[in-house]
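No value in this document is a laboratory result; all are computed from the given coordinates. Fair warning: this is a prediction, and the values are worked out from it, not measured in the lab. Neighbour counts run over all protein chains shown; Cβ positions are idealised from the backbone, glycine included.
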Amino acid sequence: MSVYRHDYLHNGKRTGFGYTCQIRVWLEDAMRELINGAQAIVRGAIHSGCNFFAGYPITPATDILLYMIRELPKVGGIAIQAEDEIASMGFCIGAAMTGKRVMTATSGPGISLYSENIGLAIMGEVPMVIVDVQRMGPATGGATTVGQGDIQFLRWGTSGGYPVIVLSPTNVPECYNLTCRAFDLAERFRVPVFLATDKETVLTLATVDVEEFIPYPVRDRIGAPLDGEFVPYRVTTPDEVPLMSPYGGEHILRFTTSTHDESGQLTKDPEKVRKLNERLAAKVEAHVDEISMVKADMQTEANILIIGHGVVGRSVEEAVIQARKKGKKVSALSILSLWPVPEKAIKAAMQGIHKVIVPELNLGQYRLEVERLAADGIEIIGVNRVDGELISPEEILAQGGLL
Amino acid sequence: MMDQVTTYLDKTLLPYFFCPGCGHGTITDHLNAAMVMLQLDPRKVIIVTDIGCSGLADKYFITNAFHGLHGRSVTYATGIKLANPELKVIVLMGDGGCGIGGHHLINAARRNIGVTVVVFNNFNYGMTGGEHSVTTPVGGVTNSTPFGQLEHPMDICQTLAVNGASFVARTTSFNKGLPEILASAIQNDGFSLVDIWELCTAYYVPNNRLSKSVLENSLADQNLATGIIHRSSSPEYSQAYRQSVAGEAGKSPMPARTIQQKYHSNLDKRLGIIVAGAAGKKINSAATLFCRGAVQSGLYATQRNDYPVTVKSGHSISEVILDPAAIRYTGIRKPDVLVVLFKEGLNSVRGQLSAMNEMDTLIINSDLLPVQTKARQIGVDFKQTGRWYNKKEYWTIMALAKLLCEMSIFPLESFREVVKGRSEFVEENLAAIEAGEKLEQ
């Protein structure tokens, strides 16, 4: 029986954040589950203390809404179907500022409608988790077909261009693990954290060894001190995340979608506005090492690297197994944290590499990031499908010249 | 005890930033008076403002504030109230917000969520330069209707009253009784609307020669009632929600249905199985039972379902992959086994049929024969199964049992045990498995 190790690479080094490796071998008395990504995401959310959910039905994200409506009341939470996607976000943002841990789920067309409130959540520093179960676009596209066309949209999908965090699970257990991580990062950075997943991962039942579900420790909220002055957006360093005080708590809280000073009052003072806007970027981008997550499967002497994300990461793993059986030397990297781009890990994985293959269910969106990070002379090949079908391991091997 | 609050306004920020003669300052004063009357705890009050000149009002209050996106103020207010029902949530919005956010207003009224919406209704958009709004009267001149408004004005009050709002008032900013009306609105448990007509001295007044008397007369001319015009006593949403789910508290969320290996499979390679049937015939649920039987026998299984949006008509397909090793790629390029039960399914898998070769297996309802394929064909005749012929929702279980007899993928006993472990249809499913074993070609 073969053992496949998947080390999580952190800042170019093999380490972890609570879960370092998966050993894909079943023990004699292993317990398994037949479960899909929707169930795993809901379970991850509940583990993370999620107690408020609002969403609007949209294939293929509806199952998450339906599970949350049934399950959250069991843990004292609130889950509601809103009148549309805009209201879903509005409800979540309002609830988050009372201290709830909030999540919403939709698909690409819903993200379009979330857009203005994503910007508001960035501006007001709202901790929230947004699940995007990607389907094929553009527009209503293919409701029941898989896609990865939102990868750049999630990063740049609101006015101003300020950063968000995007995690992308490659399989069902990672739907759980990364949902937990998404809540942790939302709490840590007070920013919308996306779980970019897809129809295939969320709706297809998979067999999971229960040990692959690795709950991330739940980060307690460190609220603003109850005594003394509370200034909602007062910080001392240019990348600091201010402490929260909820509506209805001891302090008066001012929240605004407009440029504001540290007390939350609207301001156009250039110096105050500059500090605010630069901090909204720096609080995420200066901490990329804390956020970066990749799965690296490096082979010594390999000069070919396959980089995948999301569901395609699984075809990458399979392609690597097949290639190595044929004696090919090949390395693989699955990007679990798409934004901010884990640049150090990607650059480290490209050391000594001559050719990088980037398969994606879009026309080459994340390949843009790989291209800008690649040293001169590295050949970069995209393997792309936008027909609603998955990319098979054989296609990766064939188009990557690995047959 | 909280000290007596004499004002909820931050006097250091006064006077208001509003234009001379604008009604916004008057309304803000009256709202302050209402809050003084009610002696609300400022920490328990959230003033949610929309975009527009009315959105400048929250800054003057010593309470909590939320200044949100245009038209969405009611959604933030709903989230806040739903999350923490003890809070007093007051939305200040203009007639512009009632246009772009009309959908949210109607739905907030339908829920009777306990927020108070105060509309600063001056018939045009002041902040962006005097454009028409949903309340601009017919003929009203604005900078975007220079030849006169052609659209009918929306009656905000009636719209929300007929859609579930439990408190609706219409008045003008000149009404000296406005603090009492606002206080009643805030005290109402459910959704409250106060539609306050007023003057925009920057745009609507000069463009239309509007004045206090013209404004007051126009209400009478249009036969519009003023004061508190609607009250009802329906349950407030955040409370009603909590009551409706109270019975769920403490139940275990998403209990894991773990599967322990109890049987052994001799399958030594990946097997792609497609079950092609018709909607409403339990294709997907039978395939899931089959997958659980496989997992119980030490295999990895994945299952992908496909059916049209009309869930009760058309095809229903389950794509099942079984593998002794972990399954990564979940596509089936060509099935190793195809189970075809109904013509709707057959029409969806003709491509796969022609791709299959001599090493592959087709189990097919013999009524659907002949078909063009190189695969080994096992026709099954449901007509000879007696009572099962009319129980088409059990045909999938029967055919999958037959498949296990033909190919020994995993023990039939494992399939039986999974069926027994279900809470529903145990007897029928077990009988169907037995009937499947006896299916004749």
Fill in: Between region A:197-239 and region A:257-276, the Cα center-to-center distance that results, in Å
27 Å
Response to the item:
Per the 1/(1 + (r/R0)^6) rule, R0 = 41 Å and r from the Cβ atoms of B:L219 and A:T259, FRET efficiency to 0.05 is 0.55
Worksheet item: Roughly how crowded by other chains is peptide A:244-253, in terms of the mean Cβ count from those chains within 10 Å of each of its Cβ atoms?
Response: 5
Worksheet item: Under 29 Å Cα-Cα from B:K420, which lysines qualify once same-chain neighbours fewer than 8 residues away are excluded?
Response: A:K74, B:K251, B:K262, B:K269, B:K281, B:K282, B:K312, B:K383, B:K391, B:K392, B:K402, B:K438
Discussion item. Can you tell me what share of the DSSP beta bridges in region B:271-437 is antiparallel? A percent to the nearest 5 is fine.
Written reply: 55 percent
Practice prompt. Sort region B:392-441 into rounded, prolate or oblate with this rule: let a ≥ b ≥ c be the square roots of the eigenvalues of the Cα gyration tensor; rounded if a/c is under 1.5, and if a/c is not under 1.5, prolate when a/b is larger than b/c, oblate otherwise.
Written response: oblate
Worksheet entry | Rounded Å value of the spacing that divides the Cα centres of region B:352-427 and region A:23-93 | 34 Å
Worksheet item: Where does helix A:108-124 land angle-wise versus the long Cα axis of chain A, in degrees 0 to 90, nearest 10?
Response: 50 degrees
Worksheet item: Measuring from label point to label point, each 7 Å out along Cα→Cβ, what is the B:N163 to B:D367 span in nm?
Response: 4.9 nm
Worksheet item: With a 10 Å Cβ neighbour count serving as the proxy for reagent exposure, in which order, fewest first, do A:I35, B:I80 appear?
Response: A:I35, B:I80
Worksheet item: Once you charge only the Cβ atoms, +1 for Lys and Arg and -1 for Asp and Glu, what is the size of the charge dipole of region B:271-437 about its Cα centre, to the nearest 20 debye?
Response: 380 debye
Discussion item. Pairing rule first: another cysteine's C-beta must sit under 4.7 Å. Under that rule, which cysteines of chain B stay single?
Written reply: B:C53, B:C98, B:C157, B:C200, B:C291, B:C405
Practice prompt. For region B:64-72, take each phi angle, set θ = phi - 60°, evaluate the Karplus expression 6.51 cos²θ - 1.76 cosθ + 1.60, and give the result in whole Hz per residue in order, putting x for glycine and proline.
Written response: 5, 9, 9, 9, x, 7, 4, x, 9
Item to complete: Please identify which residues in region B:47-69 have an amide N closer than 17 Å to a label point set 7 Å out from the Cα of B:D3, following the Cα→Cβ vector.
Response: B:62-63
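Which percent, nearest 5, of DSSP beta bridges in chain A are antiparallel?
35 percent
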Worksheet item: Of all DSSP beta bridges located in the protein assembly as shown, what percent are antiparallel, nearest 5?
Response: 40 percent
Response to the item:
Kirkwood Rh over alpha-carbon pairs of region B:138-265 plugged into Stokes-Einstein at 20 °C, 1.002 mPa s gives a D in µm²/s of 113 µm²/s
Discussion item. For a quick size check, give me the Cα extents of chain B along its three principal axes, largest first, whole Å.
Written reply: 91, 58, 39
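Please report, ordered by residue number, every helix of chain B (full DSSP H runs) that is 30 Å or longer along its axis going by C-alpha atoms and whose mean Kyte-Doolittle hydropathy reaches 0.5.
Span-like helices, by this rule, are absent here.
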Response to the item:
The computed P(r) of chain A puts the percent of Cα pairs beyond 29 Å at 42 percent
Item to complete: Please build a GNM for chain B, connecting alpha carbons under 10 Å apart, and tell me which residue among B:P153, B:P235, B:P335 fluctuates the most.
Response: B:P335
Worksheet entry | Residues of region A:51-75 with amide N under 14 Å of the 7 Å Cα→Cβ point at A:D84 | A:56-57
Practice prompt. Would you give the gap between the C-alpha center of region B:110-132 and the C-alpha center of region A:374-403, rounded to a whole Å?
Written response: 53 Å
Discussion item. Less than 26 Å apart at the alpha-carbon level, and either on another chain or at least 8 residues along: which lysines does that give for B:K44?
Written reply: A:K100, B:K11, B:K59, B:K81, B:K88
Discussion item. Two decimals, Cα atoms only, Kirkwood Rh: what is Rg/Rh over region A:295-399?
Written reply: 0.92
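Sort A:W156, A:W339 so the one with the fewest other Cβ atoms within 10 Å of its own Cβ comes first.
Working: A:W156 13, A:W339 26.
With the fewest neighbours first, A:W156, A:W339 line up as A:W156, A:W339.
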Discussion item. Between 0 and 90 degrees, rounded to the nearest ten: what's the tilt of helix A:62-71 against the longest Cα principal axis of chain A?
Written reply: 60 degrees
Practice prompt. Work out how far the C-alpha atoms of the protein assembly as shown reach from end to end along every principal axis, then list the three figures in whole Å, largest first.
Written response: 91, 67, 58
Item to complete: Starting from the Cα-Cα distance between B:E86 and B:K11, subtract it from 0.36 nm times their residue separation and give me the gain in nm to one decimal.
Response: 24.3 nm
Worksheet item: In terms of Cα to Cα distance under 26 Å, which lysines are near enough to A:K295, apart from those fewer than 8 places away along the same chain?
Response: A:K13, A:K199, A:K283, A:K325, A:K326, A:K328, A:K329, A:K344, A:K347, A:K355
